[in-house]
Structure formats: structure tokens, C-alpha cells
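Chemist: This structure is in C-alpha cells; I'll ask about it shortly.
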Amino acid sequence: MSHLVKENVQVKDTLIVEEVQSAVRPLLEIKNLSKSFTGVQALNDVSLQIQQGEIRALLGENGAGKSTLIKVLTGVYPRDGGEILLDGSLINASDSGHAQRLGISTVYQEVNLIPTMSVMENLTLQHQEKTFGLISWKKAEIRARELLAQVGLEIDPLRQLDTYSIAIQQLVAIARALSTQAKMLILDEPTASLDSDEIKQLFDLMERLKSEGLGIIFVTHFLDQVYSITDSITVLRNGECIGTFKTAELTRSDLVSHMVGKSLEDLAPTAHDHSIKRERTELLQLNNVGKQRYLQPLDLSIAAGEIVGVAGLLGSGRTELCELAYGSVKPDQGEVTLGKHSLTKSSLRRAIQVGMGYCPEDRKQDGIVAELSVRENMILALQASKGWWSPISMAEQQNLVEEMIHRLAIKTPDMDKPIGELSGGNQQKVILARWLITHPALLILDEPTRGIDIGAHHEIIQIIKELCEQGMGLLVASSELEELVMFAHRVVVMKDHHKVSELHGDEVSEQAILRTIAS
Amino acid sequence: ADLTIGFSQIGSESGWRTSETESIKAEAERRGYDLKFSDAQQKQENQIKAVRSFIAQGVDGILLAPVVETGWDQVLKEAQRAKIPVVLIDRGVAADPSLYLTKVASDFKEEGSLAASWLAAKTNGRCNIVELQGSVGSSAAIDRKTGFDSIISNFPNMTIIRSQSGSFTRAGGKEVMESFLKAEGGAKNICALFAHNDDMALGAILAMKEAGVKPTKDILVVSIDAVPDIFKAMADGEANATIELNPHLGGPAFDAILASKKGTKVDKWIKANGPLYLPDTAAAEYAKRK
Amino acid sequence: MKKNNFLHKHQKTLAPLLSLVLIILVTASITPGFLSIKIVDGHLFGSLLDILHRATPTALVALGMAVVIGTRGIDLSVGAVIAISGAVTAVLTVNTDFPVWLVVLCALGTGVVCGLWNGILVSVFNIQPIVATLILMVAGRGIAQMITEGQIVTFHSDVLDAIGNGYFLAFPIRVWIAIGMIVLTVLVMRKTALGLFIEAVGANVRASRLVGIEARLLVLSAYVFSGFCAAMSGIILAADIRGADANNAGLWLELDAILAVVLAGASLAGGRIYLLLTIVGVLIIQTLTTAILTSGLPAQYNLVVKATIILAVLLIQSPKTRQWLSGFFSKNKNAGKSSAGEASTDKRSAKP
Amino acid sequence: MINERNLPILATLLVFIMLYGFGMYQYQGFRDTLVFSNLLTDNAFLIITAIGMTFVILSGGIDLSVGSMIAFIGVLMAYLISNTGMHPLFAIGIALVVGVAFGAAMGVIIAFFEIQAFIVTLAGMFLFRGLAYLINLDAVPIDHPFIAGLYDIYVPLPGRGGLTFIAMAMLVLLALGILIARRTRFGMSVYALGGDSHSAALLGVPVKKTIIKIYALSGFYSAMSGVIFAIYTGSAYPLAAVGVELDAIAAVVIGGTLLTGGVGYVFGTFLGGMIQGIIQTLITFDGSLNSWWTKLAVGGLLLFFILLQKGIVVWVKKRSAS
Ligand SMILES: Nc1ncnc2c1ncn2[C@@H]1O[C@H](COP(=O)(O)OP(=O)(O)OP(=O)(O)O)[C@@H](O)[C@H]1O
Ligand SMILES: Nc1ncnc2c1ncn2[C@@H]1O[C@H](COP(=O)(O)OP(=O)(O)OP(=O)(O)O)[C@@H](O)[C@H]1O
Ligand SMILES: [Mg+2]
Ligand SMILES: [Mg+2]
């Protein structure tokens, strides 16, 4: 995104819909909302209106202020100025619980549930039904099962939440938001790690709620989803409201120009050649690697300059495959080698030294170190492989970090800001950058583009391709088939924790993958 | 007679306490008794637990060195119900005397007044005293202070100009004495130090020497317990007087239990007061105790 | 505006320093001569020097504690380790004719062994730090007593005397030792990547492991370091009174050390640690203690006064107080504009 | 299959039973019910304190002030009863109110000033002990027939043992604690806070209110423990219960609660307290250890049980895995 200079696209003329709707009293009205953090104006004079039975997309680049708008709306952050009206009356939620009682139900970005509590307890927290003043867990369990059924989950509600994958946790969070009687439902990137089936289920639900008269705010970075479910779109850029549009009346290219201030052509996916040109030199080899009750033994090899995608449904074992390949979970059978190094028993540090890299799926738990700064987070892996006694000089650190911030267009006032204060997508970029600067021979990416905006998405795919042209091997697990098809030379399809098939070269297509999964 | 005796000791917070434990153990061994020893680590609740355990075990007699004077009524009643005689060691309790057999102890108040009397005689009733108290709230500290104050209140020219807690430890004694010397601008205004135990006095002596103050010459030093090291200090001319707290209480205590078994009447207080020692006998005493 | 920015940027540093200065000034106004420093026998002399002198053992312990707290741990056993190393020092000096350097080495070695023990329990057996170190806290004094046989073992050694109470270049030798140790630690933590790793492990172990930091080893070393520091402090404390008091040496020192680390702004939930500010924290606590002792207050008031002042310092230092105050003052000028420092409301999992 | 969340507590129970079995095997006197009822009575105040502490630790906090609170409440009660001639019931009522108020005050500081619980309650620890000194430096008996009467309430068991009032009060408070923890919204909020306080806030848990309530509850339980301790000893002593905070924390943690918060059970705390009591009882029954060996034994046994408990958990997990 380095070459991206923000040209101010003229948008005022498309400014819209409010007149059409002003006849009815809006369900939610936000007037001139502002919010600043130290060094950042996250929201600047934002106004918007939402009607009953309307699904509104809230779009913008990473760090545009979407999550902040939602948090100010629900009282998690106090606002600097502005008014919020719900059903015509001024509201001023003091915290998230208060917002819930006022009728605004929210799924925040990142999974914000309690990992140490059971699914049932998470679902019913603060809403448990009581008999004789005491919580009745029987009723709670029944209720929990109902809610899970709504989002199509068949899991044991009595098990601890963190035994489930991040995608399941996401669905649980959505189920929870549906459990309260609400006038407004807000979903901040709920689909970031969901598969098409789950997404469809979610959309059906949203349609139903819409017909019941709820207003819905929906944040996502997937334009397909925007066009298939939303009625209208509000675009934020740098904390400012660029405008509100009817979805049907806004072309994709216009939408993207509004979001990034630049035209779509630059971002169009380049056609991808599924064959590798160079001589095949094997890099990563898994020989009959497996672990009981975790992953069925499988073989896999990745050559230099090759990108292998991992596809499969929710819980099919993609993450497990990545973990075994990387070595953060040790297999109980089989052998892992990287080049000529056997890594079956060696430490992670050694694996990294001989050229492994792994960008995990759960960025909050496994990725960021929230208290540390962007710079420290980014150099952590490189420094760890060098060891503590040979520190990277401050100047070098700054160079590396500066370059990455520039290249991935990471939005942060300075590199010493704690990473926890960055927007979700920007955190993800930092974690990616962490591995890119180690120049690994083989990089494993589990859902690398979760929550990343389209501009950066494009840039990251470019980088992945570049890296692989330079000879890096990549193993990429993703639930976005479109993305996989765009860059993978080969796709491994997983199902029920074992490898069902491998698609090569021209076999790689979305339809083929879906067919394999379904078979 | 092969008696089983339970002994609930406070803990091992000082060298003196350890000597007492050792002395009682040695005495039991000499007599061929089975001594069940329990260290309460300074906690009354642990002592109560220990006594109740002794009752559950059905011992023949219990020695109790109470960490505090109150709070024993219930457990003593239980012992009485189980017909187990209890002998209090080294201090009394505030319970009905019928609940225990006897106490073998010295009198903290008397120790305090003895120290004060000696000081009054030595200085003709004219002295600015600094006082190192024991742990705040402990009965030894409270009673020694009361005893000391009761005597000096008769002497209008004897005043305690500074008083702080040194927690019965050497380090505490040293640190507090340092601050006394700083606050009083040296030894000019201080005539004597009264420490609630020898360890604090020994710490304070170090502090004086480091500040260039000569103990016994610039400041008189009187303390209580008579641990070996204080005799060495006296012999070296660094302390003036100490009052012995007798650690050899096992003999009389066991005798009392035996007597009660035979049905003989036992006095309610077997006094075990120690004398005041002065530098003249210090060298000999030190040799004896080392 | 510029000045405000400076204040804002360094508020974390300034708060403890300010508290320290305040306490010293208040004490000085109550106790005449508190601030005076004279030269006696070629070395400095005065209450302020006493504070430095007395603060050294706590400072050393707090240094180790800070590192352990950085890894999201805690070390309750430091008091016991002080007792053990003191006992070793005394008994070896009295009963053997080891040269002093060997005695000191042995004592430090016991500290390292104790730290290793804690570290193994925490990082290999995964026992929660507070319980793992509680075990040595209880048993350690027993070990120390076993070594001294329950008596205070007094010893005499010129070198140890010097360590305890000697002077060098007008300052107490032990203060020099502490300064050396602090400088060394700060250098190692900040000039190598060790500090970064420790903070990363403390803040998020899972993420740290995944980037290849050997968290186990690191945590283990933190406890070893803490044991080493405690042993050093134990030697100084024994040298100070020329005797090893197994029962009382370093009693409750762990609380003071933890208090200092936290006063410096570290969180017991791991993450950022501030070594130099920890020393300021130690000085705050020691000044308070010395001030109470010199003030002539009756002994039973000590605790109430100490508690009240600590609470006051905490409240003054709390960013919230500052926020409210500045909110209160700016309200009159421009209403509605919310105050700075907002971001802290969203501290991730700000566990108490 | 055993639910993995209950595993630590079952392991603790097993350890307790093994220990008790060992005592019965080794010592004649141990087989009497008296030993068990002594365990209940003697450890009542520790367990009561530890129940309050469980809530604090579950929420990810810590409360170091409980030991001092016990002493302070005792001294306050004694003062009210002997110096004002108040009926003990009123005195107990006032003492409990004061305990709750002080606990809540610490909670307010922790919640609103965002100062770490460790130091706020450490200051509380100094403060309460100091206040106790100010009320009364000396140990004083509480001479009142009502207090003595409470102590004498007794339900005999077969053998020499029996349930004392103190033991029964502890069991009632235990049941209350279990109910609060698992069957009230407040209890679930406590777990949520300890699991992830940031998420808890976003889920609508009233964080500040809950924190204040937690420390008030801990204040209530430690004040209650102070009352029980006063009944137990029939006296008040400003130096009572020194270091009980650490024993209570140990009881909670041995009972399977994670110090990082979010995971654990009140009943585990009861077992943890009983295990600590039984360690002491065993040492006393043995009676041959000197002071330093006693300390080593307490530490060593503690370690042994923690490792045993861990071992059991790991073993069961392995078994159920294959
Ligand atoms: N707690 C905070 N403290 C300081 N700055 C913050 C905080 N939260 C957000 N910001 C800043 O506010 C800006 C907007 O962030 P926000 O999270 O609203 O972006 P977003 O639109 O949700 O992005 P994404 O698509 O990546 O989730 C960012 O620059 C971010 O760095
Ligand atoms: N449908 C399901 N029912 C029950 N448990 C599931 C289900 N899906 C996943 N899980 C649990 O979640 C854990 C993580 O799933 P896994 O890592 O296989 O997901 P994945 O294939 O990487 O997909 P994603 O990361 O998108 O969830 C699994 O170990 C499994 O226990
Ligand atoms: Mg966001
Ligand atoms: Mg996955």
C-alpha cells in the first residue's frame, strides 16, 4: 500500500438515503459523535441513522473507527461529544450491560467470552433464569441448547469454552447476542473465521430478525457478504463518516473508492498460474505425522516456492495440521523435516532458526502480547531466534518496523504504542509482519487475513506471492476459498481430522474444493 | 513411671526459646518420659489444636507454654473433663486457676521492675532512658514495660524519652537504636538503654559502637533474658546488667504432674525467677553457658 | 502545552518520585535535622544515609522480585532464603576456616539452589508460584534453624563487617554493592533482549512460546536470580548484626519487596516492570519506616501511620485520581472535553 | 467419564481420604471421631476465612487483610461487650457491619482507583492490625455467659467426637458460600471477572459493582471468622491470626482454585483447609519433630500433596485419553 496516496474522492454528490427515510422516526440516530484517544482522532463528527428492519453495513479500512463507533455507542468508551438516540429518546449507556438493558445487543470484534467458563455459562451469563432466587442450571442448559441450535451448533454446552476452536467460539458469541430481547443487534466482524455454511446460517438468522423489526449493524471486510445481506452501507474513513448509501445503488468499485480513497482497478486480483516454474526442491516434509485424538496420520510435502493451501470445514483439523507441522504440538508418530533438519523432537526455537514461521489463528490468545509495543511485538520472533544475548540494535529495529508499517499500511500513531490499542486488523498485520521479517524458509499461516481490509488483503496476497517467488514455501489454512484459489499451487482438503485429498495445479478451484469436502 | 507428656511450645522465635525446648526435652529423656512435642509457630490457634490433639491421644499430662494469656478457658475445660493435668510453662493464663494444675513461670512485671530498680540505684534516680520494646502486643513486652514504669514513676527525674518496638530481634534493636541516636543527636541526652530482651540490646550495642558511642560509658545498658552472648558483652564491658529468665522449667513441671498423679496438692505458682547478673560474674557465666 | 506533554509522557515515572520527595519533605518538617548530612570520620553521616544503608537489603530483594513478577510469578520465599544464606555465612565463618570469599560464594550458592528449587516447582511441575514459593517460605526457616541449631550464631570477620557496615568513598560499602547489582541488572535487562523476553512471557506465555522464546528456562532463571539476590541480601543482613538470626532475619521482607515493585507501577499480572522505579519504591518504604522510628511516635501507632501513608501514596499515584482531578479542573474551563489517559480504561484484562 | 472441570477437586478429595486413612492406620487415637470433629472445629475459622478468599481469588484478586481483620473484629467485639456492656449479639452485628464496610471500602479503592488488590489489601492488613492495637494493646478475655453458651452448644457423635457450634456455623457458611458461588448471578460474575475481566465487561458484567461486592463478601467472611475465633478462644488479642492470609490462600489453592482466577470451587477450599489441618494433626500425633523439622515437615507435606494432586489429575487425563 506504499504507493497509495489518499486522493480525496469526491463523494458528497452520492450522499443519500437520509431524505428517503426521514419520514419514519429512525430506530437509532447518531449525531455528531466524536472520540479521540491519545494521539488518534478515532471518530470525528460521525452521524448516521438506522431504521427498524434495516441491515446496515459499516465499512472502512482497518483502523477507520468502526469498532470504536460501536464501543462508544454501547458505552464501553465514554464519548467526547455527540448524541445518541434510540427510538427517539436520548441514551447514554454507561457500560455494555447498560446498553444491553437499553436494547442494544452486541458481538464485539475478537471473541469476547470467558474462556474458563462453560459454553452454557457463557451463553447465559447475566441472564440466567432463577427459581426461588437461585439460578436454575437445568433451565439454563435447556436455554443454552436452544440458542446453540439457532446458530446450528451441536456442541456440548457443559464443556469449557476454550476447548473449542475460535470459529465455534465466534458462533457462541453470536448465539449469546441473540438471547436477549433487543431492538438493535450489532455484529463486529462476526464472519471473520466462519465457513460458508455457517455464514449462510447466520444470514438466515439476520433475515429473520430483520423481519421482526430489529435494526442490525454489520461490520465486515467481505464485500460479497455486504452485497448479499445488507440494505445500506455507511463508510468510515479515518474516523470520518464518508457517507451512507443504498447497497443496491452503489457499485463495488465506488464502494472501494469510498473506503480507501482510491480506485478499484489497482486492487483487482491478478490471474494466478497454479504451476510452479522452478525446479522442485523439497522443503517441509511430513511423513505419516499424526497424533491420537488430534489428527490422523498424514503425509505432506512442500517445496521451495510452493504455496499449499489447507481447506476444510469448521473443525476439520486445519489448525491441528498447522500446529503439528510447526511443532507447537508434538506429534506422537511420524516425522517432520525441514530441508535436511529433522524437527520431530526439536524445540520451537530451533525450528524457527532453521527457517520455520507460524502465524496462529487465535490472535488474541496466541498472537499479540497486548502490553508490549508494536515494535516489540514485531521483532519478537526475530529476536527470539537470535537469542537474548545478541539484541537487535534499536536503529535496526526501527528500520525493520518502519518498513513493515509502511509496507502493510499499519495504522498506528507511532511504533511504541501498545499493540493492544490497535484496531483488530492492524494487530493482525503486525503479527504477519513479525514473521515476514524473520525471512523464514517455510511460513505457516493459519487464517492470515482474518479481519484484514480489502486494501491490505490485496497487499498481503501480493507479498505472499512475492515471497514464494523468492523461494519461500507456504502452508496456508484459510476458510476463504476464494483467497486460497487465488494463490495456492496445491490445496490439501481436510475432513474429520484427516486428509481426504490433495488438489494439484489446475484442479484447484472453489468448486472442486467444495465438491471434495462434500463427498 | 513411663508417662506420655504432650508439650505445646510457642515456637522457636528466639535462642532463649530454643534453649527452653531443649532443656525440657532433655529432662523428659532423662526421666524416660515419652514427650510429644508440638511447635505452634507463634500461633495460639495451633497451640489449641495441639492441646486438643493431645487430649484425643490421651496423654498423661500436658505442658503448655501459652503464647498469650487469654483464650484458654475452653480448651483447659476439655482437658479437665478428660482428667489430664495441664502445667503452664513460663507464663500464666487469665483463666480460673482450678482449670490448670500449676504454672511454672517467672514474673515479667517483676523482671521489669528489677531492671528499673537497678537503674534507679545506679543513677541515683536521675536518668533519661531510651526503651526498646518487644513485639507490640506481646505479654512479655507489655508486662516488662508495666513493671519498669511502675518503679520509675517513683523517680521524678527518671523519664523514658524514647520508646519504640524492636520486635525482640537484633536487627530490630539495631535499627531502632540508630534512629534514637540520630533523633537525639548522639548520646549526649541519653543516660541508659532498657531493652525488653538481650537480643535487642546486643543489636543496640552494635549501633552505638558504629555511631561512636561507647556502651556502658556513654549509655548504660540493661536488658532481660540472660542469653550467653549478653554475658560476653558484659565481660567485654559493653553491657551493664541482665536479668535471667530461667529456661530450665522441665524438672519442676514434671514433678508437679507426678505429684498430682499421687494425689498430692501442688502450689498454683511455682516461681522460677532468675537473678540479676552484673559484669563481675559475666566471664564465668559465659564460660558456663556457652 | 509542551510541558503538559512531558508530564503526560512521564507520569508513570514522576508519580513515585514525587511521592518519595513528598515523604522526605514532610518528615523533614516534623523531624529537625532529618535532611542534614555531615562528614564524620571521612564518610557521610545522617538520616538520609541511614535510609540508603537500611534500604539495601530490601532493594536487592526487590530487584529479584521485580524480575519474577515480570514473568507473572511471585516469590514468597525470599525471607527464608535470607535466613538460610545468613545461617550458612555464619556457620561457615565460625565452624570452618574457609576464606571469606569462599564463605560468601557458598552462601550465594545456597541462594541459587533455593531459586532453582522454586524455579523447578514453578516451571517444570507447573505449581502456581504463590504456593510453590510458600513451601520454601515455610520450610526454609526450618532449614536455616537446622543449620544454626536454633541459636543466633554470632561471628567475627573483618571483611563481613565491612560488607555490613564499612564505608568506601564516603558511602556505605553495601550501598555500593547494591548500586553495582542494580546497574548490572538494568544493563542486562535493557541492553540485551532479556527484559523484553521476560515481559513478553509475563504478559502472554502462549504467544511467547509460539515465537520460540523458551519460557520455561526463562521463568526458571528468574527464580534463580531472585534466590541469588535474596542470598546477597541475607549476607548483608547477617553481616550487619554480626550474627545469623534464623528466626527473624528478613521476616516479612517479601511483602516490602512486592510492595516496592508494585509501587513502581508493575502489575502482578505480569508484563512491564520498572527496575529503577522499584528502587524508588524501596526508598519510599524505607523512608517511611525510618521516619516513623525517628518521629517518636508510640510504637502501637506504627502500623496505622504506615498504612495510611501507603494508601495516600497509592491514591496520589493512581492515574484515575489525576484524571478525575484534571477533569474537575478543566470542567470549569471547557465543559464536556474529556480528559487524557482515557486509554487506560481499556487495559486488556486489567486483572486486579 | 469424569468432567475435567471437577477433576482437581476430586483429586483433592482423594488426597484427603488417603491422608486420613494413613492417620487411622498409624495412630490408635486417630480412629476416634473426636479427631474428625476436632478438625472441623479447629480449622473452622481458617476455612471460613478461606471461603471468602475463594471468591476474591476466583475473581483474579487477592485479599491479604483477612488475618488482621480477624484480630481487629475480635478486639472490637471485646471492646463493645466489656466497655459498653452491649449484648454480644449486638456486638457481633456491629462487628460484622464494620467488617463488611471495611471490605467494601477496599473494594471501592480497587475498583474505582484501579489500584492492584495486592497492595490495597496489604495496606488494609497494616491498617486493621494497627487499629486493633489502638483499641486494645493487651489480650483481653470476653467474659459473657452468652459467648460461653455458644461454645457449649454441642451435637454428640458416636465415639468421643461431636459437632460444636463453631463447626456447625462453619458448615452453614460453607453451604452459603457454595450457593453464592454457583447459584447466583453475582457468583457467576465473579467467575467471569476472573476468567477475563475485559470480556466480562463487554458481556455486561457490572465490573466495579462486582469487585466491591467481592471484597465486601470477603470482609464479611473474615469478620465472621473473627467472631468465630473470639468464641473459640473466648478472648480477643490484637496479635491473633498473624499470617492466616497465607494459610487461607494456601487452602484455596490446594482446593484446586487457580490463582489467576476463573477456575475453582468453594467446596475445594473446604478440603484444602481440612488438608492443612490434617497435616498439623499428623505432626502433633507424631510428636517427635523438633521446631525446625516441624517446619520442614509442613513444607514437605504441602509439596507432597500438591504433587500427588497434580499426579492424579494428569494420570486420570491420560487414562481417559487412551
Ligand atoms: N483503546 C484504545 N486506545 C488507543 N487507541 C485506540 C484504542 N482503540 C482503538 N484505538 C485507535 O482508534 C483507531 C480506530 O480503531 P478501531 O478499532 O475503531 O478500527 P476498526 O475500524 O474497527 O478497524 P478494524 O477493521 O481493523 O477492526 C485506530 O487507529 C486505533 O489505533
Ligand atoms: N463441529 C464441532 N463439534 C464439536 N467440536 C468441534 C467442532 N468443530 C471443532 N470442534 C473442536 O474445536 C477444535 C478445533 O477445531 P479445528 O482446529 O479442527 O478447526 P479448524 O479445522 O482449524 O477450523 P477453524 O479453525 O475454522 O475452526 C477441535 O479440536 C474440536 O474439538
Ligand atoms: Mg474493528
Ligand atoms: Mg483453524
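No value in this document is a laboratory result; all are computed from the given coordinates. Owing to the predicted nature of the structure, the values given are computational and were not obtained by experimental measurement. When we count neighbours, we look across all protein chains shown, and the Cβ atoms used for this are built from the backbone with ideal geometry, even at glycine.
Chemist: Which FRET efficiency, nearest 0.05, do residue A:85 and residue A:510 yield, Cβ-Cβ r, R0 60 Å? Before the final figure, lay out the partial values.
Modeler: Values: r = 44 Å, r/R0 = 0.73.
For R0 = 60 Å, the calculated efficiency reads 0.85.
Chemist: Relative contact order for chain A: what is it in percent, counting Cα pairs under 8 Å that are at least 6 residues apart?
Modeler: Numbers: 1023 pairs, mean separation 89.0, N = 519.
Taking the mean separation of contacting Cα pairs over the length of chain A, I get 17 percent.
Chemist: Quote the relative contact order of chain D in percent (integer), defining contacts as alpha-carbon pairs under 8 Å separated by 6+ residues. Could you put the intermediate results ahead of the total?
Modeler: Values: 524 pairs, mean separation 113.5, N = 322.
Contact order relative to length: 35 percent.
Chemist: Pairs B:49/B:271; A:417/C:191; A:386/A:429; B:103/B:290; B:232/D:295; A:411/A:465: which exceed 25 Å Cα-Cα?
Modeler: Numbers: B:49/B:271 28 Å; A:417/C:191 21 Å; A:386/A:429 22 Å; B:103/B:290 28 Å; B:232/D:295 31 Å; A:411/A:465 23 Å.
From B:49/B:271; A:417/C:191; A:386/A:429; B:103/B:290; B:232/D:295; A:411/A:465, over 25 Å: B:49/B:271; B:103/B:290; B:232/D:295.
Chemist: Which FRET efficiency value, to the nearest 0.05, do you get for residue C:170 and residue C:126 by plugging their Cβ-Cβ distance into 1/(1 + (r/R0)^6) with R0 = 35 Å? Before the final figure, lay out the partial values.
Modeler: On the way: r = 49 Å, r/R0 = 1.40.
The pair residue C:170/residue C:126 has a calculated efficiency of 0.10.
Chemist: Then there is this: Which helices of chain D meet both criteria: a Cα extent of 27 Å or more along the helical axis and a mean Kyte-Doolittle score no lower than -1.0, with helices taken as whole DSSP H segments? The partial results should precede the final answer.
Modeler: Numbers: long enough: D:7-26 (28 Å, 1.71); D:88-112 (35 Å, 2.41); D:207-233 (38 Å, 1.01); D:266-286 (31 Å, 1.23); D:291-321 (45 Å, 0.90).
TM-like helix candidates: D:7-26, D:88-112, D:207-233, D:266-286, D:291-321.
Chemist: At 20 angstrom or more along the helix axis (alpha-carbon based) and mean Kyte-Doolittle of -0.5 or higher, what helices does chain C contain? Whole DSSP H runs only. List each step's numbers first, then the result.
Modeler: Details: long enough: C:11-30 (28 Å, 1.81); C:47-70 (32 Å, 1.41); C:78-95 (25 Å, 1.92); C:100-119 (28 Å, 1.77); C:129-148 (28 Å, 1.57); C:173-191 (26 Å, 1.74); C:215-241 (39 Å, 1.68); C:275-295 (30 Å, 2.04); C:302-317 (22 Å, 2.08); C:319-333 (21 Å, -1.27).
Helices meeting the span and hydropathy rule in chain C are C:11-30, C:47-70, C:78-95, C:100-119, C:129-148, C:173-191, C:215-241, C:275-295, C:302-317.
Chemist: Order these by the 10 Å Cβ neighbour count, fewest first: B:72, C:101, A:388.
Modeler: Details: B:72 28, C:101 9, A:388 20.
The fewest-first ordering by Cβ neighbours comes to C:101, A:388, B:72.
Chemist: Among all lysine pairs in region A:110-251 that are eight or more places apart or on different chains, how many have alpha carbons less than 19 angstrom apart?
Modeler: Values: A:130/A:138; A:130/A:139; A:183/A:210; A:200/A:210; A:210/A:246.
Lysine pairs satisfying the spacing and distance rule in region A:110-251 number 5.
Chemist: Once you mark the trypsin sites (Lys or Arg not before Pro) that are in a DSSP loop and have at most 15 other Cβ atoms within 10 Å, what is the longest gap between them in chain A? Intermediate values should be presented prior to the final figure.
Modeler: Working: sites that count: A:6, A:159, A:277, A:278, A:280, A:293, A:340, A:345.
Of all site-free stretches, the longest is A:346-519.
Chemist: Nearest 0.05, what FRET efficiency do residue D:184 and residue A:149 give at R0 = 30 Å with Cβ-Cβ as r? Please report the intermediate quantities before stating the final value.
Modeler: Numbers: r = 27 Å, r/R0 = 0.91.
Working from the Cβ atoms, E equals 0.65.
Chemist: Moving on. Could you compute the net charge surrounding residue B:217? Neighbours are other residues with a C-beta less than 15 Å from the C-beta of residue B:217; K and R count +1, D and E count -1. Write out the running numbers ahead of the final one.
Modeler: Details: positive: B:122, B:188, B:209, B:214; negative: B:218, B:236, B:238.
Cβ neighbours under 15 Å give a net charge of +1.
Chemist: Now for a different question. Roughly what would the spin-label model give for residue C:102 and residue A:212, points 7 Å off Cα along C-beta, in nm?
Modeler: About 8.3 nm, to one decimal.
Chemist: Once each part is reduced to its C-alpha centroid, what is the distance from region D:202-273 to region D:282-302 in angstrom?
Modeler: When both Cα centres are located, 26 Å separates them.
Chemist: Run the paramagnetic zone check for residue D:209: 7 angstrom along Cα to Cβ, then residues of region A:83-120 with backbone nitrogen under 15 Å.
Modeler: A:93-103
Chemist: Any idea how far apart residue C:276 and residue C:206 come out in nm if each label point goes 7 Å out from Cα toward Cβ?
Modeler: Label-label distance for residue C:276 and residue C:206, simple model: 3.6 nm.
Chemist: Treating the beta-carbon of each Lys and Arg as +1 and of each Asp and Glu as -1, no other charges, what is the dipole magnitude of chain B about its Cα centre, to the nearest 20 debye? Write down the numbers at each step before the final one.
Modeler: Working: 35 positive and 37 negative charges, 56 e Å.
About 280 debye.
Chemist: Let me ask something else about it. Could you size up the charge dipole of region A:28-266 around its Cα centre, putting +1 on the beta carbon of Lys and Arg and -1 on that of Asp and Glu, and report it in debye to the nearest 20?
Modeler: Details: 22 positive and 31 negative charges, 138 e Å.
Dipole size: approximately 660 debye.
Chemist: Would you list B:191, A:359, A:322 from fewest to most Cβ contacts within 10 Å? Numbers along the way, then the final one.
Modeler: Values: B:191 20, A:359 26, A:322 23.
The fewest-first ordering by Cβ neighbours comes to B:191, A:322, A:359.
Chemist: Additional query: Run the helix sum for chain B: -39,500 (n - 2.57) per DSSP H stretch of 4+ residues, divided by residue count, reported at 222 nm to the nearest 500 deg cm²/dmol.
Modeler: Details: 10 runs with 129 residues, N = 290.
It comes out at -14000 deg cm²/dmol, rounded to the nearest 500.
Chemist: I've got another one for you. Determine the distance separating the Cα centre of region D:1-71 from the Cα centre of region B:111-162; give it in Å without decimals.
Modeler: 47
Chemist: State, to one decimal in nm, how far the label point of residue A:183 lies from the label point of residue D:314, with both points 7 Å from Cα in the Cβ direction.
Modeler: Here the answer is 5.7 nm between the modelled labels.
Chemist: Relative contact order (percent) for region B:210-252, with alpha-carbon contacts under 8 angstrom and 6 or more residues of separation? Intermediate values should be presented prior to the final figure.
Modeler: On the way: 41 pairs, mean separation 17.6, N = 43.
Computed over region B:210-252, the figure is 41 percent.
Chemist: Just from its helices, what would the mean residue ellipticity at 222 nm be for chain A, if runs of 4 or more DSSP H residues each count -39500 (n - 2.57) and the sum is divided by every residue, rounded to the nearest 500 deg cm²/dmol?
Modeler: Values: 17 runs with 171 residues, N = 519.
Mean residue ellipticity at 222 nm (helix-derived): -9500 deg cm²/dmol.
Chemist: Excluding residues fewer than 8 places away in the same chain, name every one of the aspartates and glutamates whose C-alpha is closer than 14 Å to that of residue C:320.
Modeler: Partners found: C:342, C:346, D:114.
Chemist: Counting only helical runs of four or more DSSP H residues, what would the 222 nm mean residue ellipticity of chain D come to if each run contributes -39,500 (n - 2.57) and the total is spread over all its residues? Don't skip to the answer; put the middle values down first.
Modeler: Details: 14 runs with 242 residues, N = 322.
Taken over chain D, the calculation gives -25500 deg cm²/dmol.
Chemist: Let me ask you something else. Between residue C:301 and residue C:35, 0.36 nm times their residue separation minus their Cα-Cα distance comes to what? Spell out each step's value before the answer.
Modeler: On the way: separation 266, 0.36 × 266 = 95.76 nm, distance 2.36 nm.
Additional length available on full extension: 93.4 nm.
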